[in-house]
Each structure stands twice: as C-alpha cells, then as structure tokens.
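The values are calculated or read from the model by the stated rules, or taken from the named source; none is laboratory data. This one's a predicted model, so the numbers in the text were calculated from it and none came from an experiment. In this analysis, Cβ positions are derived from the backbone assuming ideal geometry, glycine residues included, and neighbour counts consider all displayed protein chains. For the accessible areas, the whole protein counts, side chains as well, though only heavy atoms, and no ligand, DNA or RNA atoms are used. Shrake-Rupley method; radii C 1.70, N 1.55, O 1.52, S 1.80 Å.
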Amino acid sequence: SVTSIKLKDTCIGDEGAICLGEALKVNKSVTSIALRGNNIDVKGAACLGEALKVNNSVTSIDLSFNIIRADSVACLRGALKVNSSVTSIDLSCNIIGDEGAACLGEWLKVNSSVISIDLSSNVIGDEGAVCLGEALKVNKSVTSIDLSSNVIGDEGAICFGAAP
C-alpha cells in the first residue's frame, strides 16, 4: 500500500486537491501528503479538510507555496479540530495573514496531536502572533512553530517570550 504521496510543484490546483481529498476519505494507508506549490486555494483546502475529518492515517501534510488564505485556513480548521492523527503541518509561503493566524489559534486551543507547524512567510503580523501565542498557552502538544519571515513586531514577539 502507498503510504506517502508527493505531488510537489505539479499544479494540480483545486481540482486535483478535490480528487485527492475524495480518495483520502476512504484511504487508510497514506500517512504523508506533500502538496507544495500546486495553486491550491479555498475549494481544494475545503475538500482536503473534509477528508481529514474522517481520515485517521495522515500524520503529515505539506501545503506550502500554495494560495492558502484565511478562508482556506477556516476550511482546514474544522477538520483539524477533530483530527487526532496529524502531527506535522507545513503552511509556509502562503498568504494566511493575521485573520488566518487567529483562525489557527482557535484550532490550536483544542488540538492535542500537532507537534510541529510551519507558518513562515505568511504575512502574519502582531495581531496574528498574539492569537497564536495565546493559543500556545493552552496547547501542550506543539513543540515547534516556525514564524520566521513574517511581519511580527515587538507586540507579537512578546507573546513568545522575546524581549522587545
């Protein structure tokens, strides 16, 4: 059985992500999905999110270098609130912004399986960093969060214990 799917930089877009999401709803062997650089937007994220609500085998998902915005994150959030198998998620180099970071913060308050999350290069500012920082006060599973190359200033940095 296939345990890893790597479709990096293949431009599958939302249509391909929708097909993959439908397959993941019934698949029990895939543990890792790498969808870096595929122009996946809200429709594809929504279908992947629906799949992750019922799939308990995927532990790692890479959605870096796509078109993941706040509305896309909202589609994933519902799934990741109930999914207990995903331990690593890479959302780097998207356009999540403060609104998307706040949405992820809500999810992190209730998720207890994710240990690593990459949010680098996502136009996250102080507001988003504060939301994530507050969530991590509650979340005890995350051991690694990458917020590099965002637009976080002193206010956001303070939430993570950095001196201004």
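Mind listing the long-range amide H neighbours of Ala34? Cut-off is under 5 Å, sequence gap 5 or more, other chains count too, H placed in the peptide plane at 1.01 Å from N. Close amide H contacts, sequence-distant or interchain: Ile5, Lys6, Leu7, Asp62. Structural descriptor for the chain: relative contact order 17 percent, calculated from alpha carbon pairs under 8 angstrom and at least 6 residues apart.
The length gained by stretching the chain between Ser85 and Ser116 to full extension, at 0.36 nm per residue less their Cα-Cα distance, is 9.9 nm. Accessible surface for the chain, divided over its residues, is 44 Å² per residue with a 1.4 Å probe. Dipole magnitude for the range 14-81: computed about the Cα centre from +1 point charges on Lys and Arg Cβ and -1 point charges on Asp and Glu Cβ, it is near 260 debye. With N the number of residues in the range 1-73, Rg(Cα) / (2.2 N^0.38 Å) evaluates to 0.98.
Note on Lys109: aspartates and glutamates with a C-alpha under 13 Å away, same-chain residues under 8 apart excluded, are Glu134. Size check on the chain: the Cα extents along the three principal axes, sorted descending, read 50, 29, 21 Å. Charging the Cβ of each Asp and Glu at -1 and of each Lys and Arg at +1, and nothing else, the dipole of the chain about its Cα centre rounds to 760 debye. Charge tally for Asp14 (other residues, Cβ to Cβ under 10 Å; Lys, Arg +1; Asp, Glu -1): -1.
The slack in the chain from Val123 to Val2, taken as 0.36 nm per residue of separation less the alpha-carbon distance, amounts to 40.0 nm. Overall dimensions of the range 43-133, expressed as equivalent-ellipsoid semi-axes from the Cα gyration tensor (√(5λ), whole Å, largest first), are 19, 14, 12. A helix-only calculation puts the chain at -13000 deg cm²/dmol for mean residue ellipticity at 222 nm, using -39500 (n - 2.57) for each DSSP H run of at least four residues, averaged over all residues.
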